[in-house]
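Below: one structure in structure tokens.
The values are calculated or read from the model by the stated rules, or taken from the named source; none is laboratory data. Every value quoted in this text rests on a predicted model; they were computed, and no experiment measured them. Here the Cβ is made from the backbone with ideal geometry for all residues, glycine too, and neighbour counts use every protein chain on show.
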Amino acid sequence: MAKIKVTVERIDGYCNLPVQVGDYFFVEGSRLHIPDGKFICTWALQSMMPIFPILAERDKLDDTHWIKTVETFSCPDPKGLVQYRLELVE
């Protein structure tokens, strides 16, 4: 089962959640693992959800597939401008 680490890489705007650069969570299968006392924005999460299954299968895809080059994701809130790093981990 693939495990995806999602890390807050940059905050270029204003986010009303107490997220900080370096905060992270894991997606493993259909489960979210969020460290105690940390938060995830549901707006950003709902936008990332379609990418997780494809990212988990990245190694099985043709080298020309667009998901092979995806490393970051931007929160859809134009005021927040939170940038997340998406990476497969073992």
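Kindly establish whether D62 is surrounded by fewer than 13 Cβ atoms within 10 Å (Cβ to Cβ) and either at pLDDT 85 or above or in a strand (DSSP E or B) (or both).
no
Can you tell me which residue among V89, V19, V8 is surrounded by fewer than 17 Cβ atoms within 10 Å (Cβ to Cβ) and touching a strand residue (DSSP E or B) at 6+ places or on another chain (Cβ under 8 Å)?
V89
Need the failing condition index for P78 against (1) touching a residue at least 60 places away in the same chain (Cβ under 8 Å); (2) under 17 Å from I4 (Cβ atoms); (3) of a type outside the set (D, E), just the number.
Among (1) touching a residue at least 60 places away in the same chain (Cβ under 8 Å); (2) under 17 Å from I4 (Cβ atoms); (3) of a type outside the set (D, E), the lone unmet condition for P78 is (2).
Every residue in the range 1-11 that is within 16 Å of the chain's Cα centre (by Cα) and of a type outside the set (G, A, S), please.
K3, I4, K5, V6, T7, V8, E9, R10, I11
Check the range 42-53 and report whether any residue there is touching a residue at least 60 places away in the same chain (Cβ under 8 Å) and out of contact with any Phe, Trp or Tyr (no Cβ under 8 Å at 6 or more places or on another chain).
No; the residues of the range 42-53 include none that is touching a residue at least 60 places away in the same chain (Cβ under 8 Å) and out of contact with any Phe, Trp or Tyr (no Cβ under 8 Å at 6 or more places or on another chain).
Let me ask something additional. Any residue that is closer than 17 Å to V8 by Cβ, assigned to a loop (DSSP other than H, G, I, E, B) and of a type in the set (V, I, T) - is there at least one of those in the range 24-37?
Yes, the range 24-37 has at least one match.
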